[in-house]
1. Looking at (1) small (Gly, Ala, Ser); (2) at pLDDT below 95; (3) in contact with a His (Cβ under 6 Å, 6 or more places away or on another chain), find the lone condition where residue 118 falls short.
2. Within region 83-123, how many residues turn out to be of a type in the set (S, T, N, Q), farther than 16 Å from residue 137 by Cα and over 10 Å from the mean Cα position of the chain (by Cα)?
3. Report yes if some residue within region 73-87 is among the small types (Gly, Ala, Ser), in contact with a helix residue (DSSP H, G or I) (Cβ under 8 Å, 6 or more places away or on another chain) and more than 20 Å from residue 127 (Cα to Cα); otherwise report no.
4. With a cut-off of at least 1 residues that are surrounded by 12 or more Cβ atoms within 10 Å (Cβ to Cβ) and of a type in the set (Ser, Thr, Tyr), name the helices (runs of 4 or more DSSP H) lying wholly within region 25-137.
5. Checking residue 90 against (1) modelled with pLDDT under 95; (2) touching a His at 6+ places or on another chain (Cβ under 8 Å), only one condition comes out false. Which one?
Amino acid sequence: MCECAVIGVEPGGMSELELRDALLAHGRLRGRLDASEAALVAELAKRSAPRAEALLRKDLKLSRRDARAKVATAEGLEELRSTAAALEAGEITGDHARLLAKGAATHDLDEGKLLEAARSEPADVFAKTVRRAQNAA
């Protein structure tokens with residue numbers, strides 16, 4: 001199912017398999033949107049990180065904490081190109097990308113190994129995987 005085709009569909013008439021496919025398409029679309037947003041935020045942050053945070057707060061109505069997290073994730077994804085690509089492909093969620101970027105900001109982590117885990121683990125389990133990798137680094 002094309003990601004664009006899931007917007008505005010009436011789920012009441014869908015089979016369980018169609019619902020599953022639509023949810024998977026939503027996840028891929030969300031990943032593409034998160035990756036695109038991160039690229040925009042990263043570019044704005046290169047010009048002025050405080051302005052990037054202010055724009056996210058004022059125009060997107062994000063909390064201070066969420067705005068800072070988006071900027072930090074976007075900046076981290078500039079370095080973590082494989083993670084950014086996996087997010088754009090819908091292979092991982094924005095939560096996975098945020099966790100990996102946050103961990104890599106303070107520790108020398110094996111991006112490839114963690115990406116492998118991110119592709120198969122729910123975000124809450126992956127958070128523990130990242131913490132274990134940080135403790136081992």
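1. (2)
2. Initially, region 83-123 is screened for residues of a type in the set (S, T, N, Q), giving 83, 93, 106, 120.
The next check asks that each one be farther than 16 Å from residue 137 by Cα; those that pass are 83, 93, 120.
Checking the rest, the ones that are also over 10 Å from the mean Cα position of the chain (by Cα) come to 120.
Going through region 83-123 one residue at a time, the tally reaches 1.
3. Among the residues of region 73-87, not one is among the small types (Gly, Ala, Ser), in contact with a helix residue (DSSP H, G or I) (Cβ under 8 Å, 6 or more places away or on another chain) and more than 20 Å from residue 127 (Cα to Cα), which makes the answer no.
4. Details: elements: 64-79, 81-88, 94-106, 111-118, 123-136.
Here the list reads 64-79, 81-88, 123-136.
5. Single failed check for residue 90: (2).
The values are calculated or read from the model by the stated rules, or taken from the named source; none is laboratory data. None of these values were measured; they are calculated from a predicted model. In this analysis, Cβ positions are derived from the backbone assuming ideal geometry, glycine residues included, and neighbour counts consider all displayed protein chains.
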